[in-house]
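K.L.:
Below: one structure in C-alpha cells.
Since every read-out is calculated from the coordinates, none of them should be taken as a lab result. If you're wondering where the values come from, they're calculated on a predicted model, not measured in any experiment. Here the Cβ is made from the backbone with ideal geometry for all residues, glycine too, and neighbour counts use every protein chain on show.
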Amino acid sequence: MARAPAEGIMTSALRFLGKSVSIGEMEVRKLRHDPTELITRAVQPALWLLVFGEVLSTVRAIPSGNLPYIDFMAPGILAQSVLFIAIFYGIAVIWERDLGVIHKFLVTPTPRGALVLGKALSAGVRALSQVVIIYLLSLAIGVAIDWSPLNLALVIAVVILGSALFSTFSLIIATLVKTRERFMGIGQVLTMPLFFASNAIYPVAMMPSWLRVVSEANPLTYQVDALRALMVVGGESVYGIGFDFLVLLVGTIVTVAVGAKLYPRVVT
C-alpha cells in the first residue's frame, strides 16, 4: 500500500527533472547562434590572472599560506567569472518577456519550479566554458593544477551549483525590477561587493572584523573555498568542502523556490 504513493512521488520527481533538463537544453542551444559570447567572456579573467595576479605575485603583498599567490588567486578568478556570467543572467528573462516567450512558457503545464531550475541548469552549463578557459590560462602561467578526475568532477559540480545559485538570484531581481535599465544598474552594483567581500583574492583572516562577517554570509566565499581545495595542488578548505557544498546547495534550493514563486510576476 505504501509503495504506490512512493512510486507516484518518484514519477513526479523524474517528470519534474525531465522538464527542467528540457528547458535547460533549450537555453543552451542558444549558444550555437552566438558562440562568440564564450570567447568574449575570457577577456576579463585573462586580465585578472595575467596582469593583476602576476603583479601581486612579485610584490608578495597578500599572504596566501602555503600556496604561491597566483595559485591562491586562480580559483577565485574562476568563481568571479562564474559570478559575472550568472548575475546578469536575469536580463534574458526580461528579453523573453518583451519577446512574448515567457507568456508561452506560463500557459504550458510545465511547473514554474521546473522553468526556473532549467534556466539555472543552463546557466551552469554556460559557466563550464569558464572552467576550460581558467584551467588553460592557469596551465599557461604555471599554476599547480590538480588533475585528479574526482577533483575535476567536484570542481564542475561546484561551478554548476554556484552558477545556478547566482543566476536564480539574478532572475529574482529581474522579476522585481522588470526593466533592463534598472536590472543592469543593480547587477553592476552587486557584482563588485560580492567579489571583494569574499576570499577570492585575499584570505578572510586578513579582513577587518565587520567585513569578515559580510564575507561569511556571502555564498561566493564558500564557492571559492571549495574551488581552492579542489582545483590546485596543496589547496585547503577553511570551512570544509562538505559545508561549502551544503551552503551552495541550500542557497540554490532557496533561490529556485523563491524564483518559481516570483517568476509569473515578470509579466505583470
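K.L.:
Sorted from largest down, give the three principal axis spans of the alpha carbons of region 189-244, whole angstrom values.
P.N.:
Answer, in whole Å and largest first: 32, 22, 19 Å.
K.L.:
Let me ask something else about it. Can you work out D for region 78-217 in µm² s⁻¹ from Stokes-Einstein, where Rh is the Kirkwood radius over C-alpha pairs, the temperature is 10 °C and the viscosity is 1.306 mPa s?
P.N.:
D, rounded to a whole number, is 95 µm²/s.
K.L.:
What is the fewest-to-most order of TRP48, TRP95, TRP147 by other Cβ atoms lying within 10 Å of their Cβ?
P.N.:
TRP147, TRP95, TRP48
K.L.:
OK, next. Taking neighbour Cβ counts within 10 Å as the exposure measure, how do PHE72, PHE195, PHE166, PHE245 sort from fewest upward?
P.N.:
Neighbour counts put them in this order, fewest first: PHE245, PHE195, PHE72, PHE166.
K.L.:
On a full-extension model of 0.36 nm per residue, what is the gain between VAL254 and ARG212, subtracting their alpha-carbon distance, rounded to one decimal in nm?
P.N.:
12.8 nm
K.L.:
Still on this structure: Using amide H atoms built 1.01 Å from N in the peptide plane, name the residues 5+ places from VAL232, or on other chains, whose amide H lies under 5 Å from its own.
P.N.:
Here ASP146 satisfy the definition.
K.L.:
Enumerate the amide H contacts of GLY90 below 5 Å, restricted to partners 5 or more residues apart or on another chain; note that Pro and chain-start residues carry no placed amide H.
P.N.:
LEU171
K.L.:
Quote the relative contact order of region 122-267 in percent (integer), defining contacts as alpha-carbon pairs under 8 Å separated by 6+ residues.
P.N.:
Worked out over region 122-267, it gives 33 percent.
K.L.:
Among THR179, THR191, THR255, THR168, which comes first, then next, by fewest other beta-carbon atoms within 10 Å?
P.N.:
By the 10 Å Cβ count, ascending: THR179, THR191, THR255, THR168.
K.L.:
Also, I was wondering about something else. Along region 81-86, what does the Karplus equation 6.51 cos²θ - 1.76 cosθ + 1.60 (θ = phi - 60°) give for ³J(HN,Hα), rounded to whole Hz, x for Gly and Pro?
P.N.:
Result, ordered by residue: 4, 5, 4, 5, 5, 6 Hz.
K.L.:
Next up: How large is ³J(HN,Hα) for each residue in region 66-75, as worked out from phi by the Karplus curve 6.51 cos²θ - 1.76 cosθ + 1.60 (θ = phi - 60°), to whole Hz, x for Gly and Pro?
P.N.:
8, 9, x, 4, 5, 5, 4, 7, 4, x
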